[in-house]
Structure formats: C-alpha cells, structure tokens
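Here the structure comes first, spelled out in structure tokens, and everything after it is commentary.
The values are calculated or read from the model by the stated rules, or taken from the named source; none is laboratory data. Keep in mind that what you see is a predicted model, and the values were worked out from it rather than measured. For neighbour counting, all protein chains shown are included, and Cβ atoms are generated from backbone atoms with ideal geometry for every residue, glycine included.
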Amino acid sequence: MHLGRGAALAALVSYCGTAYSQPVNPRVTELLRRGVQLRQEGRDEAALREFDAASRLSHEPRITAQIALAEQALQRWLDADRHLREALSAGGDVYIARHRAVLEGALRDVDRHLASVLVTGGTPGAEVWLNGEHVGTLPMQDAAQVSPGDVALEVRAAGHATTTRNLTVAAGETLREEVASSNRPAERSRSALRVTAPLAARPPALAPPSGSARGTAGWVLLVGGVALTAGGMAGLVVADVNATSFNSNRLCRVDPSTNLVWGGLDCMSDYDAGSTARVVGIIGLAGGAVSLIAGIIILATAPSRQSPHEAANSFSCGQGPGSIGIECGGRF
C-alpha cells in the first residue's frame, strides 16, 4: 500500500470513536460504520461502495473524505484528488478540522502520482479540455490534474478554430502550455456556407397529384375487401365441415344448460375448431363488405389523372350551327 494506508486507517479508527457522536441519519451512520470495518479488513472496493451509498443519502464532508481515502487505497488518483480537495474546502466542518493533517498528507501522496497542466494565453473565455474532459476556461487560475502520460489538449472558443495538441507529462510534473490567441473563424463555418448555398437554390419537389393517391387507396381497399371476403367464406366452409363431423359422431353432444361439450377430445376439437372458424368467417365477411364499399366510393369520387400539359376542367357554351341554337361542351 501507499502512504497513506497507515495514516488513512488511523483516521478511520479515529472516525469510529468521534464522528458518530454527531447527529446524523442512522442509515448513513450504519453505512459508514460498515465501510470503516471493510477498510480495516483491507476490502477497499467494498468499503467504497458503502461510502458511495452514504453519499447518496447525505453530502457531509466526512463522507467525501472517506470516499477519497478509499479511492487513494485503490490508486484511483484523479478521483481521490478531486474528493480530497472537496473535503478540505469545508473549512468550518468539525470532522475535517480534526483530521485536516491526515487529509492533507493523503493529498500530497495522491499528487505525487498525478501530473498537472496549466494552459496560458489564448482567447479569454475559451474552454480548456483535457482528455475529453472540460477542466476550465482561459485564463486558467489553477493547473488541472491529469494522469501522467499522453494528454490530448483542446482549446475551444465560439467563432474560432479549435486548437488541438498532444502533450506528454510525467508524474509530479506541472506542464505550462501556451496557446496563441486566434481571430481566425472556424473552418467548419466557411464549409457550412459552401454546402448550404446550393441546397437553398434547389427547387422544391413537386407533390404527387392527389387523385393518384386516392385512386391507389381505393384499389387497395378493393383488393383487401376481396381477400377478406374470400377468407370469411373459407372460414364458414371450415366451420360447416367441423359441424358436420361433430353432428355425425353419435358420442358428441352439447349440454344446453352448461354449454359443455361431451364425447371426448375429438368432439371438443371439432366443436372448438368450428366455433373459431365461424367467428373468423363472420368477421371476414363483414370486414370485406366494409372494405369493398369504401373502395368503390373512393374510386367513384377520386379525380381522374391528368398530365401537367393538359388544361384544367372546363365547361363553355356558344352559338350552335344554324341561325338559332346553342352548343355547349366541356372537358372533365
């Protein structure tokens, strides 16, 4: 284990004797007690789960401190650093004040396993991202903690091109990286204009004639009506076959008072199949009739198809042949 193992456990033992005297949620107290016991047994992963559960019930600094010490033991350096700093920022907390020396020592140990990056220069207000995580804005007041090794830096500012760099930083090192201010607009803004212009000039697509859509719907209903009618008739035929089979079997009968079928499995099978087929047949015939009627009505009322070069519907009258007479004509 690292530093911290002895000092952290000492803090935990002390925690058992003093922190529980504070008025807290009994459930939180029990979770913390179990977490401390697991830490003393060396089961840091299980202890962290108990502390996390306690933190969901209460946001006390002492819980944050216990989470940080468990993360330190598990070598989760970035999480431990964040939680230790959060706990130490609670200056007025009695528990934090009593164990500040232990927590500060744990923080020094954690920081030896981390690296720091401080970005300077650049456009004020630009966002700084390290390894895909937002860590601050320019100008940065404090260095951001990162895991040692390769670090992906991005500096993003609205209306400006994004600055990207690949950095390498060692454990315990603070890397100062200066970026230049940029008044150059982002490349994607110009390319978006080039793409948008031709799209705006493209003429809108013409909608299909409404008569065509209604005609298609009418034919679909007609075909569907024929299919449903055929299915209904088939169902009635099957029902009739099963009824004949049932009636021809002398053992088969239906008790009129209870509607129970007697005579064995064959009788029950014929009766059930006939009943089901009859229901299907009736529904099919009814649905087919409705679909056929609707299809006929739609086809009868749908406007005829007309090419774009044909004139619209018209009707006119004029002088007919001879000296007296009227001649009328029209196109529909």
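Applying a threshold of 8 Å to beta carbon distances and a minimum spacing of six or more residues, or different chains, the list of pairs starting in the stretch 277-295 at a residue that is more than 22 Å from Gly215 (Cβ to Cβ) and in contact (Cβ under 8 Å) with a residue 40 or more places away in the chain and ending at one that is of a type outside the set (Asp, Glu) and outside any helix (DSSP H, G or I) is empty.
Inside the stretch 261-299, residues that are modelled with pLDDT under 80 and exposed (fewer than 14 other Cβ atoms within 10 Å of the Cβ) make up a count of 5.
With over 30 Å from Trp219 (Cα atoms) and among the β-branched types (Val, Ile, Thr) as the only criterion, which of Val254, Val279, Val290 stands out? Let's see the steps before the verdict.
Values: Val279 fails: over 30 Å from Trp219 (Cα atoms); Val290 fails: over 30 Å from Trp219 (Cα atoms).
Every option except Val254 fails the conditions.
Within the stretch 119-158, being at positive phi and assigned to a loop (DSSP other than H, G, I, E, B) holds for Gly122, Gly125, Asn131, Gly132.
Residues in the stretch 71-114 that are part of a loop (DSSP other than H, G, I, E, B) and not hydroxyl-bearing (Ser, Thr, Tyr): Leu74, Gln75, Arg76, Ala90, Gly91, Gly92, Asp93, His99, Arg112, His113, Leu114. Checking Thr258, Thr244 one by one, the residue that is surrounded by fewer than 17 Cβ atoms within 10 Å (Cβ to Cβ), β-branched (Val, Ile, Thr) and outside any helix (DSSP H, G or I) is Thr258 and no other. Scanning the stretch 80-132 for residues that are over 20 Å from Ala144 (Cβ atoms) and among the aromatic types (Phe, Trp, Tyr) yields one hit, Tyr95. When the stretch 147-180 is examined, which residues are found to be without any contact (Cβ under 8 Å) to a residue 60 or more places away in the chain, hydrophobic (A, V, I, L, M, F, W, C) and over 21 Å from Trp77 (Cα atoms)? Listed by number, the residues that qualify are Val155, Ala157, Ala158, Ala161, Ala180. Within the set Glu71, Glu45, Glu60, the sole residue that is modelled with pLDDT under 95 and either in the same structural domain as Gln145 (by TED's automatic domain parsing) or within 37 Å of the chain's Cα centre (by Cα) (or both) turns out to be Glu60.
For Ala161, the criteria (1) assigned to a strand (DSSP E or B); (2) surrounded by fewer than 17 Cβ atoms within 10 Å (Cβ to Cβ) hold in every case but one, which is (1).
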